[in-house]
Structure formats: structure tokens, C-alpha cells
Amino acid sequence: MIVSRTLNTSLCAIQDLPTTTSGWFYLTVGSPLMFLLFSDTCVYWIHRALHHRLLYAPLHKLHHKYKETTPFSSYAFHPLDGWLQGCPYHIFVFIFPMHHMSYFFALAIVGLWTINIHDRTTLRIPFINGAAHHTIHHTGFTYNYGQYFVFWDVFGGSYKDPFKCAPYSQDPRARRKEFGEMKRC
């Protein structure tokens, strides 16, 4: 009975797959790209709103308690903060069609990305909001609100290049120790 049900579920997933080239394009490129752009836009504005003086202390301050980010701090937040920033991922599928397996995969990637931007290990990929950007956000508070990309930070005037600041700068003046601490931007 269990094997039959599992096999039947697997066959349903296969039957849901597209049959045209444009369908495959939408499944593999279109919907994931739209998911990233939609959720990045929404999370940026929600995250920026959470830094407003009326919302910051009651909802978002707990997350910023961790100046030195770790993978554990990525999920240290007020429940309402998590709910607000999680809404765009679920609203997306009510507006745009997305295959259920793509959706599950996208949510897994979101979880891994959230851990990644808090682990302080960064890659210098242009236009991508990586761990260095998010570290600056946790130390400066009013910079780099984006989730995946830096577009909205540049557009909204909240972008700060982490590679010009300690601890990521190669400039010895930015990395100079003053009274036992690195000079921050």
C-alpha cells in the first residue's frame, strides 16, 4: 500500500512536468528567476521597514543582537519578524505559477542562503549580496538590507561596499587596529 502510494505520487509529479520548450524554459529559468526577483524586492522593503524606529525595537532588534553573525544567528529573530520576511516566498506562488517541486527546491535554497549570508564566508560575486554585505548590515544597521542582490540597496541609497570596510578591505588603513578594534566604515 505504501509503495503503491509513493509510486503514484511520483507519477503525478512526472505528469505535472511541461511538454513544450517554453514550458521547460519557464520551469527551469523563468519561475526561479521571477521568484528571486520578487522575493528580493519584497524582502528588501520589508527588511528596511523593520529598521524604522517604531518597528526596530519590538520586532527586529533581537536579530541584530548578534553583531558577529553566525549560522545560528541567521534564525534568531522575533516570530513576527520571521513571518513578515517569509511572506514574499509564499505570496509568490499565489501570483505566479510555479511547479511544486521548484517551490520546495527554492525554499530549501532560501534557507541555505540565509545561513550563508550569516556565516561570514564571502565570495566577491558582482551584484550579489553576500556574507560581507550582510556583515556590514549587522555592524552598521542602515546599510545593505537586500536578500540576494544589491540592486535595491543601490537604488534606495542604502548600499555600502563591504570591500572598502573592515574586516573585508585589503586597505591597511581600514584594517588598522585602533584601541584593539578594527576601524569600521
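Tell me, what HN-Hα J-couplings in whole Hz come from the Karplus equation 6.51 cos²θ - 1.76 cosθ + 1.60 at θ = phi - 60° for each residue of region 77-83, using x for Gly and Pro?
Result, ordered by residue: 7, 5, x, 5, 4, x, 5 Hz.
How do the peptides 125-135, 63-73 rank, highest first, by the average count of neighbouring beta carbon atoms within 10 Å per residue?
The packing order, highest mean first, is 125-135, 63-73.
Please list the non-local residues whose amide H lies under 5 Å from the amide H of residue 149, H modeled 1.01 Å from N, same-chain partners needing a gap of 5 or more.
Amide H to amide H, under 5 Å and 5 or more residues apart or across chains, residue 149 pairs with 129.
Among 113-120, 139-146, 55-62, how do they line up by average Cβ neighbours within 10 Å per residue, starting with the highest?
Top to bottom by mean Cβ count within 10 Å: 139-146, 113-120, 55-62.
Read-outs: derived from the displayed coordinates by stated rules, not from any lab. For clarity, every value in this text was computed on a predicted model and none was experimentally measured. Cβ sites come from the backbone with ideal geometry, for glycine too, and all protein chains shown count toward neighbours.
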